[in-house]
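The values are calculated or read from the model by the stated rules, or taken from the named source; none is laboratory data. Note that the coordinates shown come from a computational prediction; the quantities given were computed from them, not determined experimentally. Glycine also receives a Cβ, built like all others from the backbone with ideal geometry; neighbour counts cover every protein chain displayed.
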Amino acid sequence: MTISVRKVAAAAALGAALGSVLVGCGAGGGTPEAGGRARLGASADPTAPPSASASPRTSPQSSRPGTPPTMAPGKAPTMAPGPNGLTPVFERAKQHTDKTVALTFDADMTSDQGPRAAGGEHFDNPQLISTLRTLKVPSTIFMTGRWAEQYPDQAKAVGSDPNFEIANHSYSHHAFKSPCYGLPTLDEAAARADVDRAFEAFRKAGAVNTVPYFRFPGGCYDDQALRAISTAKVTAVQWDVVSGDAFAKDPDAVAEQVLSGVKPGSVVVMHCTRSAAPVTEEAVRKIVPELRKRGYRFVKVSELIGK
């Protein structure tokens, strides 16, 4: 079986697993569903309101090769709005020829999973965060507001560590487009409010290294979803490498899938949720040294967008 066939099979299996649950880790490790747009891919002021956390926008020409985005010192770069003012989508630094790669981790938790957490289910993964620190891997954590509320001490610690930046993965981890792996769907007004509520949860937890980036739950979006959050002035961040770590049991398979897919400027999607991605930390310990041996340097999403 070729690598490409394994990747397609893994993505299909992931979609099936995600579709079997209405709540849980969700589809952050999957690909956008059919019917959506099949596109893969310093800190904001913690005292500012959520909608004001976005940094100055790039100019419309900033995506052209050789033209850097405009940004104020200490602010994370964002992309210019898309056609008709739609939220811009970043998938991979395609013009970026340096061997850099961004490992991103979705800290998933839906708004109604409090009882499961109280019963002992672990939606966090402190060992993964510790390993990323030990290996000195700059990373972007796409966190839900509900996760930050459940684990405020961890959210504050990660959000105060210069090794990390925290991006928005919604408050509820409900879908912004339907269908989306069985997730409940928010209407346009609720979707916009959900983004703000997540930023507010980060602020209350004391996470200061927040960036104006947003990842759609399940990776599911369309023009209506992009329009719904356009006033939040965030850049939507997708990915071009699916790790397949959601519900995986074999860290070697996860590592192989990442290593076979990474290209210069890639964004890799993984998870920071023990209950739904139990082998991620072990896979990372295999991925990082191998990519470094190949000459890759790990960066946050903000550096890729800034390039």
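Annotations
- Some residue of the range 278-296 being in a strand (DSSP E or B), out of contact with any Gly (no Cβ under 7 Å at 6 or more places or on another chain) and under 15 Å from Ala93 (Cβ atoms): no
- Scan of the range 162-204 for residues that are crowded, with 24+ Cβ neighbours inside 10 Å, more than 18 Å from Thr87 (Cα to Cα) and over 16 Å from the mean Cα position of the chain (by Cα), ordered by number: Cys180, Tyr181, Leu183
- Residue match in the range 165-185 (condition: under 28 Å from Ile287 (Cα atoms) and hydrophobic (A, V, I, L, M, F, W, C)): yes
- Count of the range 124-144 residues which are in contact with a helix residue (DSSP H, G or I) (Cβ under 6 Å, 6 or more places away or on another chain) and among the aromatic types (Phe, Trp, Tyr): 0
- Among the residues listed as Ala248, Ala236, Ala207, Ala255, the single one being in a helix (DSSP H, G or I) and of a type in the set (A, V, I, L, M): Ala255
- Cβ-Cβ distances below 9 Å connect the following pairs, each with a first residue in the range 164-177 that is in a strand (DSSP E or B), a second residue that is at pLDDT 95 or above and among the basic types (Lys, Arg), and a separation of six or more residues or different chains: Phe164/Arg133; Phe164/Lys300; Glu165/Lys300; Ala167/Arg215; Asn168/Arg215.
- Residues considered: Pro115, Pro81, Pro88. Of these, the only one that is surrounded by fewer than 23 Cβ atoms within 10 Å (Cβ to Cβ), touching a helix residue (DSSP H, G or I) at 6+ places or on another chain (Cβ under 8 Å) and either at pLDDT 95 or above or of a type in the set (Asp, Glu) (or both) is Pro81.
- Restricting the range 142-161 to residues that are of a type outside the set (D, E, K, R) and within 18 Å of Asp194 (Cβ to Cβ), the residue that is surrounded by the fewest Cβ atoms within 10 Å (Cβ to Cβ): Gln150
- Within the set Asp194, Asp161, the sole residue that is of a type in the set (Asp, Glu), outside any helix (DSSP H, G or I) and modelled with pLDDT of 95 or more turns out to be Asp161.
- Residue within the range 265-273 that is part of a helix (DSSP H, G or I) and at pLDDT 95 or above present: no
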